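Below you'll find the structure, written out as structure tokens, and then a few comments.
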Amino acid sequence: MDQVRQAERLKAEILDKVKRYYSLVHAGSGEAFVPGKSRVNYAGRVFDDREMVNLADSALEFWLTYGRYSRQFEKQLAEYLGRRCCLLVNSGSSANLLAFMALTSPLLKERRISRGDEVITVAAGFPTTVAPIIQYGAVPVFIDVDLTTANAAVAQLEPARSAKTKAVMLAHTLGNPFDLQAVRDFCTANGLWLIEDNCDALGSKYAGRLTGTFGDVGTSSFYPPHHLTTGEGGAVYTDNPVLHKILLSMRDWGRDCWCESGRDNTCGCRFSKKHGTLPYGYDHKYVYSHFGYNLKASDLQAAVGCAQLEKLPGFVKRRRENFAFLYTGLRELAEYFILPETLPASEPSWFGFLITLRDGVNFTRNGLVEALERRNVQTRNLFAGNLTRHPCFDGLREGIDYRIAGKLENTDKIMNDSFWIGVYPGMTEAKLTYMAETIKAFIKS
């Protein structure tokens, strides 16, 4: 008993010292912003001593894989989103892989996606929204986007549909919700799955409801630039109990068993069932109902995520404020730029501020971006621009391995003429003002 009390006192002392360490090393450690000299990053970590205390607490427990912090994070994120089921994974890319692969499960019978089936998506986005489709052997069908939202042009959904179409897989570009009403209605009318890539949009709303909750499956990323971070990490979430069963199996090696790490015989019949042509009583922990993966995150990551979740509402508020500040500062340049627009029902939790050059301006995207970078403003293209033009498509056959519905004119426009700058919660008004003034100075010059 004395040993237990000693350990508890020592742990409390350690965690108190972690708080003090944060205060000495990280709190207020940033240098004063000097325009033109200080770097204005597009994103970054925003944290305090709570993340570090949770991380140290988890390290002292030394339960390195899925554990109590993982269970807490999944529960709290599911409650935030209003979803029945949430699974923590090791990245947003893994979340998209898992969400898509779940729809290939034999448990879905005639609705399962098979090789050669088609999935409608866009090329103006991040490649891991598309990669699982191609890697499985399904066929992505690319439609164009609207320039003002950079989201899927919903009028092209019906022309893109064929007898082979099984699903729609779309992301909310830079946190700006796509037309969820139109997309959801299209999927419902045609019996299609909807995978909602919510990696850049956690906290966004459409018609008063959080994005990521309209699809059959939603996904999130917790890489440091995103709305909350676990370092590496992501999540999948659903209200469908069958999909949850499949997602859990595929995340955890494809096994049929649902016991958590370190726990055995949750079902009470570990050695008393018949599975396929395996011998009767074959250990249920080693029965595999899917070809799966190990996509779990560590409890250390989840510990950080639990502290970050507490801050999420404040992060979302700050992103909206920063976006509004930039928009006010740049709207006078509307003759040069197409600035972001939202749908009437949308309340974005912005990931970035997209700027697209209008046709006929006397400068180029690269010219402006290089000028900003020289002045220490970090910029990013809109991810792949047009994914079909990248080397990863070399060797793929259009019309067989992928299909383009109509023309990707706006997608190519974004590839050539768009970039974005940051609005993350760590931005200060001085940095936002500097970015806007630097862009204005370039125009004047």
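The values are calculated or read from the model by the stated rules, or taken from the named source; none is laboratory data. Remember, predicted model here, so these are calculated numbers, not experimental data. Glycine also receives a Cβ, built like all others from the backbone with ideal geometry; neighbour counts cover every protein chain displayed.
Note on segment 204-221: residues that are buried (at least 24 other Cβ atoms within 10 Å of the Cβ) and either touching a His at 6+ places or on another chain (Cβ under 7 Å) or part of a loop (DSSP other than H, G, I, E, B) (or both) total 4. Taking each residue of segment 35-52 that is closer than 19 Å to Lys431 by Cα and looking for partners that are of a type in the set (Gly, Ala, Ser) and part of a loop (DSSP other than H, G, I, E, B) with beta-carbon atoms closer than 6 Å, six or more apart or interchain, yields Gly44/Gly426; Val46/Gly426. Determine whether segment 278-296 contains at least one residue that is outside any strand (DSSP E or B), over 30 Å from the mean Cα position of the chain (by Cα) and charged (D, E, K, R). Yes, segment 278-296 contains a residue that is outside any strand (DSSP E or B), over 30 Å from the mean Cα position of the chain (by Cα) and charged (D, E, K, R). Scoring Gly36 on the criteria (1) buried (at least 20 other Cβ atoms within 10 Å of the Cβ); (2) not assigned by TED's automatic domain parsing to the domain that holds Pro241 leaves a single failure, condition (1). Only residues that are among the basic types (Lys, Arg) and over 28 Å from Ser91 (Cα atoms) were counted across segment 266-320, and they come to 3. Tell me which of these Glu332 doesn't satisfy, since it passes every other one: (1) at pLDDT 95 or above; (2) more than 28 Å from the chain's Cα centre (by Cα); (3) over 30 Å from Phe351 (Cα atoms). The one condition Glu332 does not meet is (3).
Close contacts from segment 410-425, counting a first residue that is among the basic types (Lys, Arg) and a second that is assigned to a strand (DSSP E or B) and buried (at least 20 other Cβ atoms within 10 Å of the Cβ), with Cβ to Cβ under 9 Å and a gap of 6+ residues or different chains, come to Lys413/Thr356.
Of Leu382, Leu432, all but one fail to be part of a loop (DSSP other than H, G, I, E, B), buried (at least 20 other Cβ atoms within 10 Å of the Cβ), at negative phi and at pLDDT 95 or above; the exception is Leu382. If you take the residues in segment 358-379 that are assigned to a loop (DSSP other than H, G, I, E, B) and charged (D, E, K, R), which one is surrounded by the fewest Cβ atoms within 10 Å (Cβ to Cβ)? Step by step, filter segment 358-379, then rank; the result is Asp359. Regarding Ala303, is this residue in a loop (DSSP other than H, G, I, E, B), over 23 Å from Pro106 (Cα atoms), of a type in the set (Gly, Ala, Ser) and within 20 Å of the chain's Cα centre (by Cα)? It is false that Ala303 is in a loop (DSSP other than H, G, I, E, B), over 23 Å from Pro106 (Cα atoms), of a type in the set (Gly, Ala, Ser) and within 20 Å of the chain's Cα centre (by Cα).
When every residue of segment 397-409 is checked against the conditions, none turns out to be outside any helix (DSSP H, G or I), over 24 Å from Thr165 (Cα atoms), at pLDDT 95 or above and more than 21 Å from the chain's Cα centre (by Cα). You will find that of Thr148, Thr188, the residue that is without any contact (Cβ under 8 Å) to a residue 12 or more places away in the chain, surrounded by fewer than 18 Cβ atoms within 10 Å (Cβ to Cβ) and not assigned by TED's automatic domain parsing to the domain that holds Arg403 is Thr188 and no other. Among the conditions (1) modelled with pLDDT of 95 or more; (2) not in a helix (DSSP H, G or I), Glu260 misses just one, which is (1).
On the basis of being within 18 Å of the chain's Cα centre (by Cα) and surrounded by fewer than 22 Cβ atoms within 10 Å (Cβ to Cβ), does Pro224 make the cut? For Pro224, the condition - within 18 Å of the chain's Cα centre (by Cα) and surrounded by fewer than 22 Cβ atoms within 10 Å (Cβ to Cβ) - is met. Screening Arg45 on (1) closer than 23 Å to Tyr21 by Cα; (2) at pLDDT 95 or above shows it passes everything except condition (2). Inclusion of Phe351 among residues that are surrounded by fewer than 14 Cβ atoms within 10 Å (Cβ to Cβ), in contact with a Gly (Cβ under 6 Å, 6 or more places away or on another chain) and hydrophobic (A, V, I, L, M, F, W, C) is not warranted.
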